[in-house]
1. Can you confirm whether the stretch 548-562 contains a residue that is touching a Leu at 6+ places or on another chain (Cβ under 8 Å) and open to solvent by less than 10 Å² (accessible area, probe 1.4 Å)?
2. If we only count helices (runs of 4 or more DSSP H) wholly inside the stretch 403-522, which ones have 3 or more residues that are among the basic types (Lys, Arg) and open to solvent by less than 40 Å² (accessible area, probe 1.4 Å)?
3. Scan the stretch 329-360 for residues that are more than 30 Å from HIS429 (Cβ to Cβ) and not in a helix (DSSP H, G or I) and jot them down.
4. List every residue pair whose Cβ atoms sit under 6 Å apart, with the two residues 6 or more apart in sequence or on different chains, where the first one lies in the stretch 209-231 and is of a type in the set (Ser, Thr, Tyr) and the second, anywhere, is open to solvent by 30 Å² or more (accessible area, probe 1.4 Å).
5. Mind counting the residues in the stretch 347-368 that are touching a residue at least 12 places away in the same chain (Cβ under 8 Å) and either hydrophobic (A, V, I, L, M, F, W, C) or over 19 Å from ALA477 (Cβ atoms) (or both)?
6. What number of residues within the stretch 372-395 are of a type in the set (S, T, N, Q) and modelled with pLDDT of 90 or more?
7. Among the listed residues LEU236, LEU262, which satisfies the condition of being under 16 Å from LYS598 (Cβ atoms) and either modelled with pLDDT under 80 or in contact with a Gly (Cβ under 9 Å, 6 or more places away or on another chain) (or both)?
8. In the stretch 301-320, what count of residues is obtained for those that are of a type in the set (A, V, I, L, M) and either without any contact (Cβ under 8 Å) to a residue 40 or more places away in the chain or open to solvent by 10 Å² or more (accessible area, probe 1.4 Å) (or both)?
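The values are calculated or read from the model by the stated rules, or taken from the named source; none is laboratory data. None of the values given here were measured: they were computed from a predicted structure. Backbone-built Cβ (ideal geometry, glycine too); neighbour counts: all protein chains shown. Side chains are part of the model used for accessible areas, which takes the heavy atoms of the whole protein and leaves out ligands, DNA and RNA. Shrake-Rupley method; radii C 1.70, N 1.55, O 1.52, S 1.80 Å.
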Amino acid sequence: MNLYTLALRNIKLNSKKYLMYFFSLSFSVFTTYTFIALIHNETVRNAFTYSDRYQALLLSFGVIIMVFVLFFLISSNTSFIKARKKEISTYSLFGMTDVKIGKLLFIETMMVGIATLAVGIGTGIFFSKLVAMVLLDLSLASYTGHISFAIDPMSIFITIVVFLVIFSIMGLSGFRIIHQFELVDLFKAEKKSEGVAKGSYGLLIFSFLVVGLGYYLAAINDANQVVTYAFLIITLVVVGTYLFFWGGLPKVFSLIKRDQTLYYKGARLISTASFSHQMTTISSLMATIAVLSAVATTAIATGYTLYSNIEENTYEIIGYDMYFYGGEEGLLEQVNASFNEHDATVIDAYSVEMFQTAPKMQNVFDESRTYITSEDNYFRVYSETEFNQLILLSQTRLQPLNVKEGTVTYTHPSLLSDMEQAILGHELHFSENTMEITAALATGLGTFGGLHNLILHDDDFQVLRQTGDVLSTDNFAHVFNYTNALTSSTLNERLSTILAGNAGSYRTAYNHYSETMEVFGLVCFIGFFMSGVFILMTASLLYFKQVMAAEEEKHQYKMLRKIGMNEEVEKKVITQRLLPVFLIPLLIGILHSIFAMKAADTIVFTHMITVNHSYLTVLGFSAIMYVAYAIVYGVFYYITKAQYSRIVR
């Protein structure tokens, strides 16, 4: 029997162990081929306005996948070889050299790898059109082009080369592992006890403190500080997680054993003892899975939250379906004519005269920066009635203002809390009177090319007009709301043709919505794929570990059945034995993700979701993804449980 025949025989004999490994690896190949094919798909690339950004995002994701696949292969390959110590020792006993055993393992790795390449690439080719359609549907507001089925030879070649290199590295690593084994150790592999990891109070407490410090820094409400501490936060949480699984969790189980009323219950005693004995070898894997679960859940939660708020965020920024100001005479008539040409019904149309003022004031600054200087204090200015009319016509969450006489409300598109605190209380000195800024709002409504808005009481506005402090710019701003604003690309193109270069400036909700969709839709698409790869591989690693543990523990279950353990108790033992392995990393991963989303809310979402307590809204979207992730994870738990039960019986 030559090595190729023997390798094929070994794969058949271990087919059930290889099944989950094969499935996960095939999905990785499928994902890699899919993203390489999307990068090379000219139709898809041309559909994106910013094709370079599109390619960069997909390429970055491909690199992440490669790194993770390599980690997965190292872990799974090492586990496979260690689980086959007895088989390898038999080969060695019958005179097979380490080199030949290494060649055998290399051939097995390459055989399985080539099969996964065929399945993964074949599946990728079959679903390539569907994946491209899903991507375009997620990322483009109104794509109407045709996606044809295509097979890209270059994508196939790159995928094959990349994975053959990875498979070769992993196959060759088998030689190193074989040389580390001694024949006597190989035969005694199944009889060796891993020992009980006792853990320590010090590591348990220290891990809580380290992770807690990371959580505290992530929960700071200052975006600049969160960005500054980002690397430190990640380091603290990751290090703390590993310390918890290495020394904290074993101590928790040690404490459970001391509680006789809790521990000395048939099924719990057996399952806890069995899990404690495995903690030595599985703790690092559980910590890794907790970290990767945090990454995966954060990725899908972020993508889903961003994507779900695109339309609302568009109108919070633009305010209307379209506005323009300044420009040549006759533009308004051309714009109205274009609505009629494209059968768009105008819901709202309003024109407002633009005024400005330049009062004397002190610089607005805080400890870190200066926001407004006395030399640069040009403001767009509105009366309370005029600005409230703009609010009522807008599609924002803003409510009409109530400005008291003698006071001023200030608005800015990107008003941060520091800037708000710095400007409140500032006095504006006009030619005959002085007013105080008593309120500030974060909104770009009514800026029309400016940054700083002042809203005055109607009587104050009229007084300042009479004294010459408020001057007309001799320009009008025109705002519109109309039907099919986010879906009619032809109307938007026509409006852009009319206004570009002719108006002082203009903005359409369609343009902002489309650009945001391209980025966030692609991020969401990548996030779901990344999470899929992460969950398949992390769950597969747990599956391998538990199935191999079942092979080692089946004689223990046989002895327990001989002394009276019935089927019902056995089911409880297996459930309590496996549930912590899957549940603890999942819960810790989700907990990490909750604080990661808090940091994301401080940096990003608080400016996108214009409601009080935006973090609660973010958690609402995130919870949907956490539940979905947990359901998929639960499916792998039940698959593992079924296989574990079959082996020990």
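1. no
2. In the stretch 403-522, there are no helices (runs of 4 or more DSSP H) which contain 3 or more residues that are among the basic types (Lys, Arg) and open to solvent by less than 40 Å² (accessible area, probe 1.4 Å).
3. Let us first name the residues in the stretch 329-360 that are more than 30 Å from HIS429 (Cβ to Cβ), namely 329-351.
Listed by number, the residues that qualify are GLU329, GLY330, HIS342, ASP343, ALA344, THR345, VAL346, ILE347, ASP348, ALA349, TYR350, SER351.
4. TYR215/PHE595
5. Number satisfying all stated conditions: 14.
6. Going through the stretch 372-395 one residue at a time, the tally reaches 6.
7. Just one listed residue meets the conditions, LEU236.
8. Qualifying residue count, the stretch 301-320: 2.
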